[in-house]
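A.B. asks: Starting off with a structure, shown below.
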Amino acid sequence: MDDAGRMPTGWVRDAGLFADYLRLQRRRSANTERAYLTDLRELALFLQGRGVHDPDHVRLTDLRRWLASQQASEAPATVARRAGTARVFFGWARETGRLGTDPAAGLRSPKLGRRLPQTLTQTEVRELMDAAAAAAAEAGGVRGLRDVAILETLYGSGLRVSELCGLDVGDLDEARGLVRVIGKGDKERIVPLGLPGLRAIDAWRAVRDQWVAPASANALFLGTRGGRINQRVVRRVVHESMRAVPEAPDIGPHGLRHAMATHLLEGGADLRSVQEMLGHASLSTTQIYTHVSDERVRAAYEQAFPRA
């Protein structure tokens, strides 16, 4: 394991076992596992520079100094994530008998200010989709149809980019307008996809065989070489498509997910339904979109109401 292998010697064995725990018991994704190990390596190197060479000798004050050293250079969310990594690692080490005490038991994360996500208005979404469809019609190629289907699916179902890349042809129930999604922690959910998205996927699937390769026969979305599409390509598709809407923010795939959630709430959808569609484990994660809607209501009020 590369991340564990670059750690100080006293941490290597525990880091490898910790990675197994994250993957096999907590069912964390490869990206999450990599982030935890990167944080753990940074902690180990920081402590090594202060004479602490293995987890047995770590104290709460050491962990607090580690987090304090990052306050000026890292975003609060990054520091909070690293505090979480320390709590999970040392809690695991205590529960499995590797440590007699948990030095991270009293470790607190920095408070995070609520940052509203960048998103699009409904008008900007229409402009984006219209421009992508016009470009695809003008080019007359396979790629344009695929890109339109990607945009419509990201917005129409609020998928994470990893979820879109993992879609198989069999995950789409066109008759009922539903998509089967495997989200974080391998949790399955069923989400709706509107008529524009279904039509865009139909158009893409009519030409998909021109790219498909035996190894990717089940993948819904493909790269130009015939393999399953990867996240980097999807991000590029979204950013390039956003250039057609110059007044809009330069969002990525997650921005379309934000837009879908915001527009659902603006249209009267209840918070629990939006939570289920997005696959959020906590309702508090979904509640940020109510603040996005509130901000838009206030902006409209202040612009249009004479006594604002």
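The values are calculated or read from the model by the stated rules, or taken from the named source; none is laboratory data. Please read all numbers here as calculations on a predicted model, not as lab measurements. Reconstructed Cβ throughout: ideal geometry from the backbone, glycine too, with neighbour counts over all protein chains shown.
A.B. asks: Of the residues SER293, SER284, SER273, which single one is hydroxyl-bearing (Ser, Thr, Tyr), at pLDDT 75 or above and out of contact with any Lys or Arg (no Cβ under 9 Å at 6 or more places or on another chain)?
C.D. replies: Working: SER293 fails: at pLDDT 75 or above; SER284 fails: at pLDDT 75 or above.
The match here is SER273.
A.B. asks: Just checking, how many residues over region 194-205 are at pLDDT 95 or above and over 14 Å from LEU151 (Cβ atoms)?
C.D. replies: Total meeting the criteria: 2.
A.B. asks: Let me ask you something else. Give region 238-257 a look and list any residue that's surrounded by fewer than 22 Cβ atoms within 10 Å (Cβ to Cβ) and either in a helix (DSSP H, G or I) or free of Cβ contacts under 8 Å to residues at least 12 places away in the same chain (or both), or say none.
C.D. replies: HIS239, GLU240, SER241, ARG243, PRO246, ASP250, HIS254, GLY255
A.B. asks: Specify which of the listed residues (GLU127, GLU138, GLU188, GLU163) is assigned by TED's automatic domain parsing to the domain that holds LEU220, of a type outside the set (S, T, N, Q), under 24 Å from GLU240 (Cα atoms) and under 22 Å from the mean Cα position of the chain (by Cα).
C.D. replies: Sole residue among the options that is assigned by TED's automatic domain parsing to the domain that holds LEU220, of a type outside the set (S, T, N, Q), under 24 Å from GLU240 (Cα atoms) and under 22 Å from the mean Cα position of the chain (by Cα): GLU163.
A.B. asks: Looking only at region 205-237, filter to residues that are part of a loop (DSSP other than H, G, I, E, B) and among the β-branched types (Val, Ile, Thr); which one of those is surrounded by the most Cβ atoms within 10 Å (Cβ to Cβ)?
C.D. replies: That would be ILE229.
A.B. asks: Can you name the residue in region 179-204 that is in a strand (DSSP E or B) and among the basic types (Lys, Arg) and, of all such residues, is farthest from GLU33 (Cα to Cα)?
C.D. replies: ARG180
A.B. asks: Out of all the residues in region 69-90, is one or more within 23 Å of ALA15 (Cβ to Cβ), outside the structural domain of ALA19 (by TED's automatic domain parsing) and either part of a helix (DSSP H, G or I) or in contact with a helix residue (DSSP H, G or I) (Cβ under 8 Å, 6 or more places away or on another chain) (or both)?
C.D. replies: No, region 69-90 has no match at all.
A.B. asks: Within region 15-63, how many residues are more than 28 Å from the chain's Cα centre (by Cα) and closer than 15 Å to ASP102 by Cβ?
C.D. replies: Residues that pass the stated criteria total 8.
A.B. asks: Which one is surrounded by the fewest Cβ atoms within 10 Å (Cβ to Cβ), of the residues in region 151-192 that are of a type in the set (Gly, Ala, Ser) and more than 17 Å from ARG28 (Cα to Cα)?
C.D. replies: Out of the qualifying residues, it is ALA175.
A.B. asks: Please tell me if LEU220 is at pLDDT below 95, touching a helix residue (DSSP H, G or I) at 6+ places or on another chain (Cβ under 7 Å) and of a type outside the set (S, T, N, Q).
C.D. replies: The answer is no for LEU220.
A.B. asks: Regarding region 124-133, can at least one residue be identified that is surrounded by fewer than 23 Cβ atoms within 10 Å (Cβ to Cβ), touching a strand residue (DSSP E or B) at 6+ places or on another chain (Cβ under 7 Å), in a helix (DSSP H, G or I) and touching a residue at least 60 places away in the same chain (Cβ under 8 Å)?
C.D. replies: No, because not a single residue in region 124-133 is surrounded by fewer than 23 Cβ atoms within 10 Å (Cβ to Cβ), touching a strand residue (DSSP E or B) at 6+ places or on another chain (Cβ under 7 Å), in a helix (DSSP H, G or I) and touching a residue at least 60 places away in the same chain (Cβ under 8 Å).
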